[in-house]
Structures are given as C-alpha cells and as structure tokens.
Amino acid sequence: MEYRTLGKTGLSVSLIGFGASPLGDEFRKTDPAEGARAVHSAIDQGINFFDVSPYYGRTLAEERLGAALNGRRDKVILATKCGRYDKSTFDFSAQRLYRSIDESLARLRTDYVDLLQLHDIEFADYAQIVEEAVPALRVIQRSGKARFIGITGLPLKILHAVASAVDVDSILSYCRYNFLITDLDKDVTPLCRQRNIGLINASPLHMGVLTNHGAPDWHPAPEAVKDAGRRVAETCSRYGVDVSSVALRFCLNHPDVASTLVGMADPAHVLKNIATLDLEVEPALLAEIAAIVAPVKDITWSSGEAVNNDADPTPLAPHPGKA
Ligand code: NAD
C-alpha cells in the first residue's frame, strides 16, 4: 500500500480509502458479519483511512463500523461527518454539530475522530457554513473530539468558495474525478495544491455506474451517463478485465489526491480493489473507454441549493449581504 500525507494535517492516509456508506446498506442490503470481515481484511491489507457519516443508513453505517473497529481503533484514521442526517434533513447550526459529534463518537465507540467533515454543504446557506459551521468544527477540534476538519459535497462551486474564504484541512469531492468526469481539476485541485488542503476523491466507480452490477435505482446521473457506464463495462469485459478495477486504477493515478475512497462492504471487493495497486491497463482499452465517454464527459447533476451549484453564475461572496 502507498500512503500519502493529507494536506497539512500530517495524517498519512492509504491511497485506497474505505468508504463505509455500503455498510449502511446504501447500495443494497448487506450482511453485517460480512461487512465486519471487509473492514478487518482492509486493515490487514494496509488500508488505514475509513470514511463514514451519520447519514449513511441513518446511523447504521457508523454503528456497524464502530463495532467492526472495536479493538482496532488505533490502527485507523477515522473520518466522519455532521450536518446531514437524512435525504432532506440537514442542520448545520453550531448547537446541532456539537451534539452530532458526541452521538457519532458513541456509535463509533471512540473518544475522538481524526477528521470531522461538514456533510454536503451545498444543502446549506453559504454564509452559515462560513460563519457558523466551520467555526463550530474548530471549537470541536479544540475540545479534542476531532483532530482535523473538512468539507464535503458535490458542486465544486461551493467547495471552492468555502475553502477560499475560511481555512479547512480537507476537501472531499465525489463523482467529480473518474472515467466519466474530471472537472475536479479545473479549480479545486489547483486550490488544494496552492493552500496545501488535503484532497480526498470519493466514488471512483461513480457510485456504481462503473461496475458490472450497474447503478442503484436512486442514482441521480442522467440515463446517457449510465448507458456509457454499461458500454465501458462491456468493453472492459471484452479485454478480460473488470470495469471496477480499471476505473479505480484510473483514479489512483491522480497525483494530488491523498486518498481515493471506494465504497466497500464485501471482503471480495476489498481484495479486488487492493489488487488494482498492481494493475496495468492496456492503452488500447483506455483509448476505447475515452471514445465511449467523450459524448457524456463531465456531465453532472444539480445537488442542494441552486445558487451553490456550478451552473448558477451568481458568485458566492465571502459574506453575502454584508458587503
Ligand atoms: P463508489 O463509486 O465507491 O461505488 C460503490 C459501489 O461499488 C458499491 O455498490 C460497492 O459495493 C461497489 N464496489 C466497490 N468495489 C467494487 C468492486 N471491486 N467490484 C464491484 N463493485 C464494487 O461510491 P461510494 O460508495 O458512494 O463512494 C465511496 C465512499 O466515498 C462512500 O462510501 C463514502 O464514504 C464517500 N462519499 C462521500 C460523499 C460525501 O461526503 N458527500 C459522497 C459520496 C461518497
């Protein structure tokens, strides 16, 4: 396993990180014992970075991860989130965040997390994130309950604006850098490089689109994107390789991403994903994939408040309304 430093935190995270949302049955019903075996196998294979949230399975993923890490907490760098609690339930007020960390610590059976992130900040008012939520996370950090703090979300616009306005230790972006889309590199990657912010890339399989199983029913991508994913999978099969392995390999090649988070609850997936560290992909296959993807490249979808999304040209000023 290769390890990289997460920005200026000094945390040395594994290049492949364990995304724990599948432990909360976000993709399909999973067996908790098998999920625990996946966690243990990942640690045995050198994966030390684990990411979860109270939102995943509405606390189920934190409960299951906490149980699986019992006795092994010191082996991992543990990241969780706060602010998002259900599909449409968000609360980024300082008081809720102070309660949230205590609830997460109880479920995770630990007295601190290494990274506490604001979950899907595009659902909040920009000013509240900058003026209330990020400062609240710094208060939590000073209490010792979180070592470092970060932000997560889909639209690059608000991630970039918040990280430009206030100091954050990490940015977790998802579905913005993989075979189907690479616009993470337009503004966010350069900002992370410039300010030494730890960059975490999540959903290398585009939340299931780049798997033989295909996307879950709730997947928000347009049909044309899912269809391209199916064609990429067929093409990989023709070359005798698995689409998920090839897609993960592509993400691992990114020089600025400290850790790529792939969702796992299945021990077989852990082994398959670890094997991609040594995978070499034929240039001819990469060329075929690029040709399939070209017509849908960089197509995304809207998430959260319209103004926080990339398609809305209204600038997110550091202190809107206060100028
Ligand atoms: P993903 O792209 O990692 O895809 C996960 C899906 O792929 C699951 O169904 C999983 O079972 C399957 N899978 C994994 N390895 C496989 C393999 N080798 N072969 C076949 N199928 C395989 O999507 P994700 O889980 O959404 O993203 C990874 C992690 O990133 C999440 O679990 C979460 O921790 C994090 N994340 C965070 C945010 C956020 O903070 N807003 C958003 C998305 C993801």
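Assorted remarks:
- Some residue of the range 228-241 being surrounded by fewer than 18 Cβ atoms within 10 Å (Cβ to Cβ), charged (D, E, K, R) and touching a residue at least 40 places away in the same chain (Cβ under 8 Å): yes
- Which listed residue is of a type outside the set (S, T, N, Q) and within 10 Å of the ligand (Cβ to nearest atom), from Leu248, Leu252: Leu248
- Residue satisfying condition, being closer than 29 Å to Pro255 by Cα, more than 11 Å from the ligand (Cβ to nearest atom), hydrophobic (A, V, I, L, M, F, W, C) and out of contact with any strand residue (DSSP E or B) (no Cβ under 7 Å at 6 or more places or on another chain), within set Ile77, Ile43: Ile43
- Selection count where residues are in a helix (DSSP H, G or I) and either modelled with pLDDT under 95 or under 19 Å from Ser170 (Cβ atoms) (or both), scope the range 87-104: 4
- Considering Arg193, Arg176, Arg142, the condition of being within 20 Å of Ser12 (Cα to Cα), modelled with pLDDT of 95 or more and either part of a loop (DSSP other than H, G, I, E, B) or away from the ligand (no atom under 16 Å from the Cβ) (or both) is satisfied by Arg193 alone.
- Residue satisfying condition, being aliphatic (A, V, I, L, M), more than 13 Å from the chain's Cα centre (by Cα) and not in a loop (DSSP other than H, G, I, E, B), within set Val232, Val168, Val209, Val241: Val232
- Checking each residue in the range 54-86 for being within 18 Å of the chain's Cα centre (by Cα), assigned to a helix (DSSP H, G or I) and of a type in the set (A, V, I, L, M) picks out Leu60, Ala61, Leu65.
- Sole residue being surrounded by fewer than 16 Cβ atoms within 10 Å (Cβ to Cβ) and either without any contact (Cβ under 8 Å) to a residue 60 or more places away in the chain or of a type outside the set (D, E, K, R) (or both), chosen from Pro54, Pro32: Pro32
- Candidates His206, His219 - the one that is within 15 Å of the ligand (Cβ to nearest atom), under 18 Å from Asp183 (Cα atoms) and surrounded by 14 or more Cβ atoms within 10 Å (Cβ to Cβ): His206
- Against the numbered list (1) of a type in the set (A, V, I, L, M); (2) more than 16 Å from the chain's Cα centre (by Cα); (3) buried (at least 18 other Cβ atoms within 10 Å of the Cβ), Ala224 comes up short only at (3).
- Against the test of being within 13 Å of the ligand (Cβ to nearest atom) and of a type in the set (Val, Ile, Thr), the options Ile200, Ile149 yield a single qualifying residue, Ile200.
- Complete set of residues in the range 239-261 that are under 20 Å from Leu6 (Cβ atoms) and touching a His at 6+ places or on another chain (Cβ under 8 Å): Thr260
- Taking the numbered list (1) assigned to a loop (DSSP other than H, G, I, E, B); (2) buried (at least 21 other Cβ atoms within 10 Å of the Cβ); (3) touching a Gly at 6+ places or on another chain (Cβ under 9 Å) in turn, Thr260 passes all entries but (1).
The values are calculated or read from the model by the stated rules, or taken from the named source; none is laboratory data. Being a predicted model, the structure only gives us computed values, none of them experimental. Cβ atoms come from the backbone with ideal geometry, glycine included; neighbour counts cover every protein chain shown.
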